[in-house]
Amino acid sequence: MNTPASYFDRQYADAADPWHLAERWYDRRKYNLTVAALPHPHYLSAFEPGCSVGVLTGLLAARCDRLLSTDRVPSAVEATQRTADADHVTVRQMTVPEQWPEESFDLVVLSELLYYFNSATRTQLLNQSVKSLEEGGHLVTVHWNHPVAEHTCTGRDIAEHLDTVPDLKRLARYDDPDFTLTVHEHSRDAGPAHSPARAEGLA
């Protein structure tokens with residue numbers, strides 16, 4: 001089953017940053033690797049559901065013309081609004097996948113989010129992400145690999161699931177003992193994904 005909403009309410013009731021995302025080198029390294037893996041130097045419009053306190057949001061904001069970041073917990077939304085205080089960043093309270101933005105994006109980032117859902121809901125969320133992506137847009141995921149009672153799967157499990165989603169072509173996958181990072185291109189073409197070198201005519 002999906003991790004209940006009360007779990008997140010309890011976490012944020014006890015601490016402003018319950019996972020210490022703004023403090024640990026582990027998270028700074030992971031976020032820097034996440035933005036380094038983005039195939040394009042800049043994106044027109046990005047969506048980051050489950051933004052928590054906005055640490056990754058600030059890094060993504062530097063790579064996007066427009067960024068929508070959301071979380072279901074009001075205090076997380078308020079923290080992200082303070083962290084990513086820029087005219088081109090919009091932060092909303094939103095519960096995915098039940099609520100979903102109507103606009104389209106050329107980048108969707110799912111960071112430490114998908115393992116809170118069961119397989120059916122995770123599939124729904126991934127399908128909505130693909131539907132929201134422009135042709136040639138990128139879906140980036142990064143998730144913890146160690147067992148956690150509240151998690152339904154690991155980052156490696158999610159990476160395997162992503163490779164079965166229609167209209168996604170894997171561009172990159174990074175595994176280490178702690179997390180798995182993937183980058184997929186939304187494409188209906190039969191050819192290979194457009195790597196950065198291929199996009200610039202180098203390969």
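Compute the relative contact order of region 101-187 as a whole-number percentage, counting only Cα pairs closer than 8 Å that sit 6 or more residues apart in sequence. Walk me through the numbers before you get to the answer.
On the way: 163 pairs, mean separation 27.7, N = 87.
Contact order relative to length: 32 percent.
Between the alpha-carbon centres of region 1-46 and region 55-109 there is a gap of 11 Å. Local charge for Glu160 was computed over the other residues whose Cβ lies under 13 Å away, with Lys and Arg +1 and Asp and Glu -1, and equals +1.
Structural descriptor for the chain: relative contact order 17 percent, calculated from alpha carbon pairs under 8 angstrom and at least 6 residues apart.
In sequence order, region 60-68 has phi-based couplings of 5, 4, 6, 10, 9, 6, 9, 9, 10 Hz under the Karplus curve 6.51 cos²θ - 1.76 cosθ + 1.60, θ = phi - 60°, and Gly or Pro positions carry x.
Once the mean 1/r over all distinct Cα pairs of region 1-85 is inverted, what Kirkwood radius in angstroms do you read off?
Numbers: mean 1/r = 0.0733 Å⁻¹.
When all Cα pairs of region 1-85 are included, the Kirkwood radius is 13.6 Å.
Around the amide H of Arg66, modelled in the peptide plane, lie the amide H atoms of Ser45, Ala46, all under 5 Å away and 5 or more residues distant in sequence or on another chain. Normalised by the number of residues in region 110-156, the average gap of Cα pairs under 8 Å and 6 or more apart makes the relative contact order 51 percent. In this structure region 1-106 gives 51 Å² per residue of accessible area when probed at 1.4 Å with all protein chains present. Taking trypsin sites (Lys or Arg not before Pro) across region 1-33, the ones in a DSSP loop with at most 15 further Cβ atoms lying within 10 angstrom of their Cβ are Arg24. At full extension, Arg156 and Ala197 could sit 12.1 nm farther apart than now, given 0.36 nm per residue minus the alpha carbon distance. With the alpha-carbon atoms of region 60-168 aligned to their principal axes, the span from lowest to highest coordinate is 37, 34, 24 Å, starting with the largest.
In region 22-135, the portion of solvent-accessible area held by carbon and sulfur atoms comes to 49 percent [1.4 Å probe, whole percent, DNA, RNA and ligands not counted]. Under 10 Å, Cα contacts only: if you run a Gaussian network model on the chain, which one of Leu113, Leu133, Leu44 comes out with the highest mean-square fluctuation? Result: Leu44 has the largest fluctuation of those listed.
What FRET efficiency comes out for Ala190 versus Asp14 if R0 is 45 angstrom and r is the Cβ-Cβ distance? Round to the nearest 0.05. My answer for the efficiency is 0.30.
By the Kirkwood approach, averaging reciprocal distances over each pair of separate Cα atoms, region 42-102 gets a hydrodynamic radius of 11.1 Å. Over the Cα atoms of region 120-178, the radius of gyration divided by the Kirkwood radius equals 0.97; this is the Rg/Rh ratio.
What does the charge count near Met94 come to, summing +1 for each Lys or Arg and -1 for each Asp or Glu among other residues with Cβ under 13 Å from its Cβ? Combined, the nearby Lys, Arg, Asp and Glu give -3. In the chain, one over the average inverse separation of all distinct C-alpha pairs is 17.1 Å, which is the Kirkwood hydrodynamic radius.
How much FRET efficiency would the formula 1/(1 + (r/R0)^6) give for Arg29 and Met1, where r is the Cβ-Cβ distance and R0 is 30 Å, rounded to 0.05? Display every interim value, and only then the final one.
On the way: r = 32 Å, r/R0 = 1.06.
That gives a FRET efficiency of 0.40.
The values are calculated or read from the model by the stated rules, or taken from the named source; none is laboratory data. The structure displayed is predicted, hence computed values, not measured ones. Glycine also receives a Cβ, built like all others from the backbone with ideal geometry; neighbour counts cover every protein chain displayed. Areas reflect the complete protein model, heavy atoms only, side chains present, ligands, DNA and RNA absent. Shrake-Rupley method; radii C 1.70, N 1.55, O 1.52, S 1.80 Å.
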